[in-house]
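Working notes, structure below.
The values are calculated or read from the model by the stated rules, or taken from the named source; none is laboratory data. Quantities reported herein were computed from a predicted structural model and do not represent experimental measurements. Cβ atoms come from the backbone with ideal geometry, glycine included; neighbour counts cover every protein chain shown. SASA here: full protein model, heavy atoms, side chains in, ligands and nucleic acids out. Shrake-Rupley method; radii C 1.70, N 1.55, O 1.52, S 1.80 Å.
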Amino acid sequence: MEAASGYLSGAEISRRVGRSRAAVWQWIEELRRDGYTIEASPRRGYRLVARPDRLYPWEVQRHLRTERIGRRIVYQERVDSTNDWVRALAKEGAPEGLVAVAEEQLKGRGRRGRTWSSPFAKGVWSTTLLRPAIPPQAAPTMALAAALAVARAVEEVTGLAAAVKWPNDVLVGEKKVAGILVEMDAELDQVRSLAVGIGLNANLEPDDFPPEARSHATSLLLALGRPVDRAALLGALLNHLERVYLRVLEGGLGAVLDDLRKRAAWLGFEVQVTDGQRAWEGVARDIAPDGALLVETAGGRLERVYAADVSVRAAR
Ligand code: BTN
């Protein structure tokens, strides 16, 4: 679009978009209000100098190589929760691949009724609508698929090694950098929709975390020592999500299990498993193709764990 100098004259823009010079001027003003820095020179025209640090759909879509996911992105500066937003849109018949993004969530939700702190323009708070033709029991495999996609995206954009902590946390340097909340609407034998909510701590500083999270949570900024481009990060995340999702749809979790195992933060570790009422200990041995965590009990039995909190106690 831009000339080699970076400048494009008002007349040229007006010709290319088929709108009047006055409309172009108004459009430039609107972009400036949205945070774009645009230089205007009387003789040479306009030049884009800097983009704002915002997750505007068009900024994210510049980075997309997907066919389904993120072709439609809905955006608001502030919402209660992108998961709630997507679930409401899903009920109205929104198509697979729709993504909701917000700069800030006022009621961000985590797993097991926890809150998820989502400060303004610091993270990547998004929810993707999927409609896989799978039974409800297979839904947890999609949460693991999403965790794998997040780990791959973090690695691609930052070069940092990212691990997956079952069932759906992503760690950098042993601290949680992302969490995933998958919510399902289903009939007895068939999933109607999945709201795949991903909270990725991109540019949070120490004070942005609630005090109780500081010991075990981190951000890419803290791990890298410099901020990351959030729009590029979300673009990479959606690219990886689509790839992993399509592979898992076709071949089940088995199709990506090797990569998941390689990145598993807990294999061979002594873990504590908390599933509502009960807390018990064992050694995490493997992940099964149906998404279960296989934990060896003190008596040597392999237990299949489907939904629980797992914390690592010691290496074995
Ligand atoms: C967890 O680790 O407990 C899961 C956290 C999930 C947070 C994300 S942020 C985007 C989406 N909207 C929400 O309200 N929650 C998820």
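Within region 154-166, being open to solvent by 20 Å² or more (accessible area, probe 1.4 Å), under 18 Å from Asp258 (Cβ atoms) and either out of contact with any helix residue (DSSP H, G or I) (no Cβ under 6 Å at 6 or more places or on another chain) or within 10 Å of the ligand (Cβ to nearest atom) (or both) holds for Glu155, Ala161, Lys165. All told, Ala255 meets the bar of being over 19 Å from Val170 (Cα atoms) and hydrophobic (A, V, I, L, M, F, W, C).
Among the listed residues Asp207, Asp185, which satisfies the condition of being more than 15 Å from the ligand (Cβ to nearest atom) and either assigned to a strand (DSSP E or B) or in contact with a strand residue (DSSP E or B) (Cβ under 7 Å, 6 or more places away or on another chain) (or both)?
Values: Asp207 fails: either assigned to a strand (DSSP E or B) or in contact with a strand residue (DSSP E or B) (Cβ under 7 Å, 6 or more places away or on another chain) (or both).
From the options Asp207, Asp185, the qualifying one is Asp185.
Looking only at residues in region 44-63 that are under 15 Å from Ile13 (Cβ atoms) and not hydroxyl-bearing (Ser, Thr, Tyr), which one is surrounded by the fewest Cβ atoms within 10 Å (Cβ to Cβ)? Of everything passing the filter in region 44-63, Arg44 is surrounded by the fewest Cβ atoms within 10 Å (Cβ to Cβ).
Per-residue answers, yes or no, for (1) in contact (Cβ under 8 Å) with a residue 24 or more places away in the chain; (2) closer than 22 Å to Leu253 by Cβ:
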| residue | (1), (2) |
| --- | --- |
| Arg68 | yes, yes |
| Arg72 | yes, no |
| Thr82 | yes, no |
| Val86 | yes, no |
| Glu103 | yes, no |
| Gly113 | no, no |
| Ile134 | yes, yes |
| Ala138 | yes, yes |
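Which of the strands (runs of 3 or more DSSP E) found entirely inside region 12-103 contain at least 1 residues meeting this: aromatic (Phe, Trp, Tyr)? Can you show your working first?
Working: elements: 37-41, 45-50, 73-79.
It comes to 45-50, 73-79.
When region 291-309 is limited to residues that are over 15 Å from Trp266 (Cα atoms) and touching a Pro at 6+ places or on another chain (Cβ under 8 Å), the one that is most open to solvent (accessible area, probe 1.4 Å) turns out to be Tyr306.
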